Amino acid sequence: MKLLGGALVCGLLLLAPAAQAHQFTTKIDNPYLPLAPGSRWVYHDVLTGERTVVRVTNETRRIANGVTGRVVRDTVREHGHVTEDTSDWYAQDERGNVWYLGEDTKEYAHGKVSSTEGSWEAGVQGARGGIAMPAHPRVGRAYRQEYYAGHAEDHARVLSRDDQVEVPAGHYKRALLTKEWTPLEPDVLEYKLYAPGVGVVLESTVSGGAERNELVSFHR
């Protein structure tokens, strides 16, 4: 797989700070992370009670590194009140890898913005885009999902491509299982299951927290 100027070191994809814009598109059809405008996912955290709605918008944003990304809104509510609202930016390269290009995130307390920690943009202050989903996620492959030193340093590793999972939205087979972590929070470990044609169907924090987000509904 061509890494657009990156290199494979210690099993992790280390991504170049700049990219060639013509190699990317906002039409994202990777089977494990399809992001077609109008798609909508609703998740329920059975442990915290939070409700998360993820919606792919018709909007795009030109990122500082020159790539145009698709805008995806991620809104979290607890007891009906918005606690977090984020715009994420994604693009897909010509090989089929989905790249994560940054986010504008806002946390709320008592109806007012209380924090924007975690916001970053590829090409700004040394931040680099990362792989949200490889074109060919082979078992054992590790990749960096984002990089903004000291703020956003998520990593993932593919554990399986033949799992199954049952959530309120349905029963899914041939699911992709990943392990995800960040050196910024070494005690936190998360597992995610991605269903072909759907995307994330289950997200579970197994260390350093108590979260279990289950897919309730999905509309393309």
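Going through (1) out of contact with any strand residue (DSSP E or B) (no Cβ under 6 Å at 6 or more places or on another chain); (2) buried (at least 20 other Cβ atoms within 10 Å of the Cβ) one by one, Leu176 falls short only on (1).
Which of the residues that make up region 75-86 are under 17 Å from the mean Cα position of the chain (by Cα) and either of a type in the set (Asp, Glu) or not in a strand (DSSP E or B) (or both)? Residues satisfying the conditions are Glu84, Asp85. When the residues of region 145-161 are filtered to those that are more than 15 Å from Lys192 (Cα to Cα) and not small (Gly, Ala, Ser), the one that is surrounded by the most Cβ atoms within 10 Å (Cβ to Cβ) is Glu146. How many residues does region 96-126 contain that are part of a loop (DSSP other than H, G, I, E, B), surrounded by 13 or more Cβ atoms within 10 Å (Cβ to Cβ) and over 18 Å from the mean Cα position of the chain (by Cα)? Qualifying residue count, region 96-126: 2.
Among what's in region 16-71 and is of a type in the set (Gly, Ala, Ser) and closer than 25 Å to Val124 by Cβ, pick the residue that is surrounded by the most Cβ atoms within 10 Å (Cβ to Cβ). In this case the residue turns out to be Gly69. Among the residues of this structure, His151 does not count as one that is more than 18 Å from Val67 (Cα to Cα) and either out of contact with any Phe, Trp or Tyr (no Cβ under 7 Å at 6 or more places or on another chain) or hydroxyl-bearing (Ser, Thr, Tyr) (or both). Is it the case that some residue within region 167-190 is under 29 Å from Gly66 (Cβ atoms), in contact (Cβ under 8 Å) with a residue 60 or more places away in the chain and touching a Lys or Arg at 6+ places or on another chain (Cβ under 9 Å)? For region 167-190, residues under 29 Å from Gly66 (Cβ atoms), in contact (Cβ under 8 Å) with a residue 60 or more places away in the chain and touching a Lys or Arg at 6+ places or on another chain (Cβ under 9 Å): absent.
Of all residues in region 41-69, those being of a type in the set (D, E, K, R), closer than 22 Å to Gly102 by Cβ and touching a Lys or Arg at 6+ places or on another chain (Cβ under 7 Å) number 1. If we scan region 64-74, do we find a residue that is in a strand (DSSP E or B) and over 13 Å from Ile28 (Cβ atoms)? For region 64-74, residues in a strand (DSSP E or B) and over 13 Å from Ile28 (Cβ atoms): present. Given the condition acidic (Asp, Glu), in a strand (DSSP E or B), over 28 Å from Phe24 (Cα atoms) and at pLDDT 95 or above, answer yes or no: does some residue in region 172-194 qualify? Yes - at least one qualifying residue is present in region 172-194.
For region 183-220, the candidate set comprises residues that are within 26 Å of Gly38 (Cα to Cα) and among the β-branched types (Val, Ile, Thr); within that set, the residue that is farthest from the chain's Cα centre (by Cα) is Val216.
The values are calculated or read from the model by the stated rules, or taken from the named source; none is laboratory data. Just so we're clear, the structure is a prediction, and the values are computed from it rather than from any experiment. Virtual Cβ from ideal backbone geometry, glycine too; neighbours counted across all protein chains shown.
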